[in-house]
Structures are given as structure tokens and as C-alpha cells.
1. What number comes out for the charge environment of L45, summing +1 per Lys or Arg and -1 per Asp or Glu over other residues with Cβ under 13 Å away?
2. Taking θ = phi - 60°, what integer Hz values does the Karplus form 6.51 cos²θ - 1.76 cosθ + 1.60 yield along the range 31-38, in sequence order, with x for Gly and Pro?
3. Within the range 205-223, whose backbone N sits under 15 Å from a point 7 Å along Cα→Cβ of L185?
4. How large, in percent, is the carbon and sulfur part of the accessible surface of the range 147-234 at a probe radius of 1.4 Å?
5. State the extension gain, in nm to one decimal, for the chain segment bounded by I6 and N242, taking 0.36 nm per residue of separation less the distance between their alpha-carbons.
6. Please give the length that would be gained between I55 and T235 if that part of the chain were fully extended, namely 0.36 nm times their separation in residues minus their C-alpha to C-alpha distance (nm, one decimal).
7. For an R0 of 51 angstrom, estimate the FRET efficiency from the Cβ-Cβ distance between I66 and T292 and round to the nearest 0.05.
8. Any idea how far apart A120 and S13 come out in nm if each label point goes 7 Å out from Cα toward Cβ?
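The values are calculated or read from the model by the stated rules, or taken from the named source; none is laboratory data. Remember, it's a predicted structure, so these values are computed and weren't measured experimentally. Don't worry about glycine lacking a Cβ; one is built from the backbone with ideal geometry, like all the others, and counts go over all protein chains shown. Remember, those area values only see protein heavy atoms, side chains included, never the ligands or the DNA or RNA. Shrake-Rupley method; radii C 1.70, N 1.55, O 1.52, S 1.80 Å.
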Amino acid sequence: SIAGAIRLMEQTSVLVLGCLFMFMVIFMICQKCYRFYAEHGEGNLKEYIFSLWNILDCSNLLLYLISIAGAIRWEFVLEKRNFETWDSFRQVQTTNPPVNQWIGIVRDLLSSMEVVEIEAVLADYFIYVQALSLFLSMIRLFKFFQFQPRLNLVSTTLARSLIDIAHFLVTFAVMLAIFSGVGALWFGARVEGFQSFYNAFITMFSWSLGAFVTTELFAKHVMLGPVFFVIFVITNYIVMLNLFLGIVLDSYDIETSLMKQLAEQESVYTQLRSIAYRSLYAVGAKLHALVTG
């Protein structure tokens, strides 16, 4: 039937993509082992192991392996066990066994339900692992921008300003905590967004990003609410936000000046066009040699 054909195509596509993913992970592991061997031969193994990109790569590979192990366990272990349990239940239904056998089957079903509940919790953590793995994979894309200085400008800017940003975040978190505590004490009894320290912290963080929801605050605290809001906007939204932008822009100016001091850098379009021209020239040269030879 059409439904069976569609189901078969889905299962086949999932199997093919799973095999390709496993081959990709195996290739990445082999590449990483070769890189360890090469760095050991050059005497730079310790620096390479503790480098940021290597830690990120190894963490991503570990999450890949966990994802593969979880998928294999789900497909070949749990599915088989659940199928055997329900298949035995169907056979008992058709044979009309005695009560003792029914009790054993029900006990097996109940134990199977407990296992299903545990596996549901593990499935949630498995989804978290996959999401984190995808996030790290997206971050690793910046590693492959290093071949082009213009694309690598964002990475170098963030790397240069990383320490300053870390100190800024500490100060910013302290400011948020102070305003959150004050807001929870002043407005927690009447305003929903300040009913607890956690809610107040989320509200303060939203205000820091420009999401100003102040209708309830201004309605229930006519005088104190606007004063609190104005002080927070001046300190955290105007001053702190501009400090953050100043840190990033200062590092960006330094990186752009360094890039201009180097030789004239080609754009991505120019590099891709040069690669395409060289490839076409090489193919044309080989065809010409085959025709004339």
C-alpha cells in the first residue's frame, strides 16, 4: 500500500542518514587522533590539548557518541523488548489462558510501563544532549572561517574582547541581582513580575533587553514604580548597554586596523571566483591534453 511504501521510505532514509552520520563521526575521530599524533611529534601536544577549539571539538565528539549510543539502544533494545511484551499479551488474548497466566502477563505489562516512564525521562535528557550537540556544531563553524580574514573578523573580535566581556558580565549580574532584590521586596506583594527573586531577575533581564512591560507596576505603584523604572533604565539599559557595545567596538576597531596593516585581503567572492577559474582551467588543460595527445 501507499502508506507502507511511505513508511518504508522513511525508515530507509533514517537508516541511510544514520549510517552517514556514523561514518562522519568515525572520520572526525580518526582525524582528531592523527592531529594528536602530529602535534605530539612537533612537541606541541599539551598546548593543543588545552586549546579552546580542541576542547570544543572533543566535547562535540563526545555528545555525538552519546547520541549514537542512545539511538542504537532505542532502536534495537527497547523497541524489541516492548514488541515482545505486547506480542505475548496478544497471544494470551487469543488463547484464553487461566487466571494465573493472566496475572503474570499483567505484571509484565506493569513493569514494562515503569520502564517506559524511566525511558521517557531519559528521552528528555537525550533531546537535551542532541540540542547541545547541535549548538556546539554551530559554534564550530567559526573555526572554519579562519581561512578567510574577513570572515574570521567576528571570531577574532570576540576572542580579543572575551576577558573584558567576562568582567562586564560579572558587574552586570551584580547590578541585576541588586535591582531584583529591591524590586522583589518593594513590589513582590502586588506585582506578578516581582513575586519572587527569580521572577524579578527575569523581569530585570527583560528590561535590560528593551522589553519594558510596566503597566501593572505603574498602576499599583504610582510614585515608586516610575522612580524605580527610571533609575534602572539609566543605570542598566543606557550605561551598561553602551559599555558592552564600547568593549566590542573597541576590539573590532583594533582587529580591523590589524587586518588593514596586512597585505590586501581578498574577499570571499574573489577567492571563490579564483578557485572556480583555476578548477576550470585545470579541467580544460586536461581535456586539451587528452584531445591533442
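1. Local net charge: 0.
2. Coupling constants for the range 31-38: 5, 5, 4, 5, 5, 4, 5, 5 Hz.
3. none
4. Roughly 74 percent, rounded to a whole number.
5. 79.4 nm
6. 61.1 nm
7. 0.35
8. The answer from the label model is 2.9 nm.
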